Amino acid sequence: MTNQMTPTMDEQARAILRGNDRGGYTVPTSGLYPYQWNWDSAFAAWGFATFDVARAWVEIETLLSGQWDNGMVPHILFHRPDPGYFPGPDVWGGVGPVPSSGISQPPVAASFARRVYDMDPDASREALVRIFPKLKAWHQWFMDWRLDQGAVCITHPWEAGRDNTPDWDGAMAGIDPVGVGDYTRRDTSHVDPAMRPTKYDYDRYIWLVQLGRRLNWGDAALLKQNPFRVADPTMTFTLLRAQRDLAALGRALGEDVGSIDAAIQELEAGAETLWNPDLACYDARDVRSGKWAGCVSNASFLNWYAGIDHPGMVAQYDRITSICKYPVPSHDPSSDRFDPKRYWRGPTWGIMNALIGLGLEECGHTDRAEALRQTTGELIRDHGFAEYFDPLTGRAAGGGTFTWTAAVWLGWTSPSRPKGAS
Ligand code: DGY
């Protein structure tokens, strides 16, 4: 029973956003992630828009203030030094206007910008005019440097946001992290190491950062020399969706969106190159070896979010949701690589559920969408605003008081979310 002293879930979620606000940008959670992360900020903007549209635009504009000359928007902006995180700005050696990492992240910002704009067009127009060319240049950078047969590739596991997913196991095994040297991880001092990537993973993460830095983050040099290049469902589906949303925003502004429409066609064709017929699922494809990952992941189910309906994916979705109480797990629970607590090797993530749910609803799978909204809401209500959750028990895992989980609550699962939020 609630009494007047107990804050409601909405109040708690808003307090998390306010508490993680560092002035113009929001950290994912204090301690573990003390900087501005790219896709976390896009979700934060969604959450802010439910009670403060102006603050939502500030979040997106601060993110885009870190855009590099080549159009890339980095995955971390190190606005203020913090020794509690590794690898920091000195390790990355980013070459943009704000100290940053050297890779990008799933481009969901244009999609949330559209949502914020639709919630209050009058209050949003000026900000939209300012950010439109920046979003367009960022998307074009993906089109210029990251495509393989129209599918979007990552050059580092962190670029997809799904750091240690089994999707990359094959590509990671091809890296010999020779010369990586000594370093001290900080993440495992904030969170139980059993919930984080292993040292094997980190050696390769850091080796790839050192390679990028040696090449001064040159796109052409990386394309030639980086052994890690994987065509990824997360990137392909989110960019396809983001291009659709950017085209809609461009039309609202009276801009010429011909090049964006062409990109949409190229990405639609690219998405189909991720269909693994043996797995009967969208899958990651290692561009260097030509091998499939063989993984049913939560990113596989972003097809609906990208506007692609596929009967095979409905069958996969029903199978996966029937074998765990709190879907959608980041890796297939029937696989021997499934690990329910370890980050992207099993846990359920509220943000991925929100994207999957939005897509299911838009493609007409409304019962599935509503069921996912309900179980995700239950997960957050019963287990807190955690970074991720055990898909079998619902137990909270990773960091707590997490910005994007609070945003998902406010924008998608809260019964009192404002009209237009989702
Ligand atoms: C981390 O530090 O764990 C991040 O996922 C990198 O983006």
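No value in this document is a laboratory result; all are computed from the given coordinates. Just so we're clear, the structure is a prediction, and the values are computed from it rather than from any experiment. Backbone-built Cβ (ideal geometry, glycine too); neighbour counts: all protein chains shown.
What to note about this one:
- Put simply, the amide H of residue 339, placed in the peptide plane, has neighbours under 5 Å in 346, leaving out anything fewer than 5 places away on its chain.
- Under 5 Å between amide hydrogens, built in the peptide plane, is the criterion, and for residue 78 it picks out 100, 101 among residues at least 5 positions away or on other chains.
- In sequence order, the stretch 250-262 has phi-based couplings of x, 5, 4, 8, x, 7, 7, 10, x, 5, 6, 4, 5 Hz under the Karplus curve 6.51 cos²θ - 1.76 cosθ + 1.60, θ = phi - 60°, and Gly or Pro positions carry x.
- Packing-based order for 110-123, 149-162, using average beta carbon neighbours within 10 Å, highest first: 149-162, 110-123
- Derived scalar couplings ³J(HN,Hα) [the stretch 174-181; Karplus, 6.51 cos²θ - 1.76 cosθ + 1.60; whole Hz; x for Gly, Pro]: x, 9, 9, x, 5, x, 5, x
- Listed pairs 134/224; 224/341; 134/341; 134/325 exceeding 30 Å between Cα atoms: 224/341; 134/341; 134/325
- Averaging Cα coordinates gives a centre for the stretch 196-252 and one for the stretch 288-367; these two points are 21 Å apart.
- Highest mobility in the GNM of the chain, judged by mean-square fluctuation with C-alpha springs under 10 Å and restricted to 223, 246, 63, is found for 223.
- Helix-only arithmetic for the chain: the sum of -39500 (n - 2.57) across DSSP H runs with n ≥ 4, divided by the residue total, places the mean residue ellipticity at 222 nm at -14000 deg cm²/dmol.
- Net charge of Cβ neighbours under 11 Å - reference residue 82; Lys, Arg +1; Asp, Glu -1: +3
- Spin-label model distance (nm) - residue 54 vs residue 15, 7 Å beyond Cα toward Cβ: 2.5
- Under Karplus coefficients 6.51, -1.76 and 1.60, residue-wise ³J(HN,Hα) of the stretch 61-69 in Hz, glycine/proline x: 5, 5, 4, 6, 5, x, 4, 7, 4
- Between amide H atoms placed 1.01 Å from N, distances below 5 Å from residue 281 occur with 276, all of them 5 or more places distant or on a separate chain.
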